[in-house]
Amino acid sequence: MTAPRFHRILLKLSGEVLMGQGQFGIDPATCDRVAGEVKAAKLAGHEICMVVGGGNIFRGLAGAAQGFDRASADYMGMLATVMNALAMQNALEKAGVDTRVQSAIPMASVCEPYIRRRAERHMEKGRVVIFAAGTGLPFFTTDTTAALRAAEMQCDALFKGTSVDGVYDADPKQVPTAKRYDTLGYNRVLADNLKVMDASAVALCRDNDIPIVVFNIRDEGNLTAVLGGHGTSTIVQNEPVSA
């Protein structure tokens, strides 16, 4: 299957991607490798913005399960995403990619506040914009943030970089015979609870007709390959209407 070409994309990474082979925190070598992937995509002519989760440092839901107030835990998770955004900014700037971090929680000494029109101008000037601190509100995941920012930035697609090469009908790490889907409809994902992203994020992408491309970011060169239609991925999109 030949994947469609996308010009402006939002790249969503889980915080766990930045751990590399570790169990916690940020691995600089992994950040540098991901930055190289983003730079290659930029050189191929794509406009890119990013959302990075915070699960490698602190996850709000996990904190709430351990007794933290849910809202406080979510704010702690948002601050973790700022740390990851700054780590990615550092790696991208070292690679020669102009970058801006915008936070939904104002912290002027660290990064810019999130302003949609300013973010659009940065992207038009060729900069990678990294959106941090989620939506700035508790009870919303970084998946939902990614879908929201993709809609606001009028992205052609939301690329979700994970540790698997697409969406399967079962966990491929547990079920060797699991089948990978080339394409899926949003409604199928929601009805079968396929865990592509959380339900509100999938619904937001569906309502704004933003394809979700799930691929393995851990395979070197895979982002550029998938963008070029050569890599392995699953595309979640609106199903064609029958005549």
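General observations
- Residue, surrounded by the fewest Cβ atoms within 10 Å (Cβ to Cβ), within the range 96-110, restricted to residues that are among the hydrophobic types (A, V, I, L, M, F, W, C) and more than 22 Å from residue 72 (Cα to Cα): 97
- In this entry, residue 6 passes the filter for residues that are in contact (Cβ under 8 Å) with a residue 60 or more places away in the chain, among the aromatic types (Phe, Trp, Tyr) and part of a loop (DSSP other than H, G, I, E, B).
- As a summary of the residue check, residue 195 satisfies the conditions (1) more than 19 Å from residue 46 (Cα to Cα); (2) at pLDDT 90 or above except for the one numbered (2).
- Tally of residues being buried (at least 16 other Cβ atoms within 10 Å of the Cβ) and either among the charged types (D, E, K, R) or part of a helix (DSSP H, G or I) (or both) across the range 197-218: 7
- On inspection, residue 55 passes the criterion of being under 24 Å from residue 212 (Cα atoms), touching a residue at least 24 places away in the same chain (Cβ under 8 Å), assigned to a loop (DSSP other than H, G, I, E, B) and not charged (D, E, K, R).
- Applying the condition of being part of a loop (DSSP other than H, G, I, E, B) and free of Cβ contacts under 8 Å to residues at least 12 places away in the same chain to the range 179-196 and asking which residue is surrounded by the most Cβ atoms within 10 Å (Cβ to Cβ) yields 195.
- Strands (runs of 3 or more DSSP E) wholly inside the range 73-177 that include at least 3 residues being more than 19 Å from residue 54 (Cβ to Cβ): none
- Leading residue by the ranking (nearest to residue 212 (Cα to Cα)) among those in the range 159-178 that are β-branched (Val, Ile, Thr) and in contact (Cβ under 8 Å) with a residue 24 or more places away in the chain: 167
- Filter result for residue 58 (exposed (fewer than 13 other Cβ atoms within 10 Å of the Cβ) and at pLDDT below 90): no
- Scanning the range 127-150 for residues that are over 15 Å from residue 116 (Cα atoms), among the polar types (S, T, N, Q) and surrounded by 24 or more Cβ atoms within 10 Å (Cβ to Cβ) yields a single hit, 142.
The values are calculated or read from the model by the stated rules, or taken from the named source; none is laboratory data. Keep in mind that this is a model prediction, so the values were computed, not measured. Every residue, glycine as well, gets a Cβ built from its backbone with ideal geometry; the counts of neighbours run over all protein chains shown.
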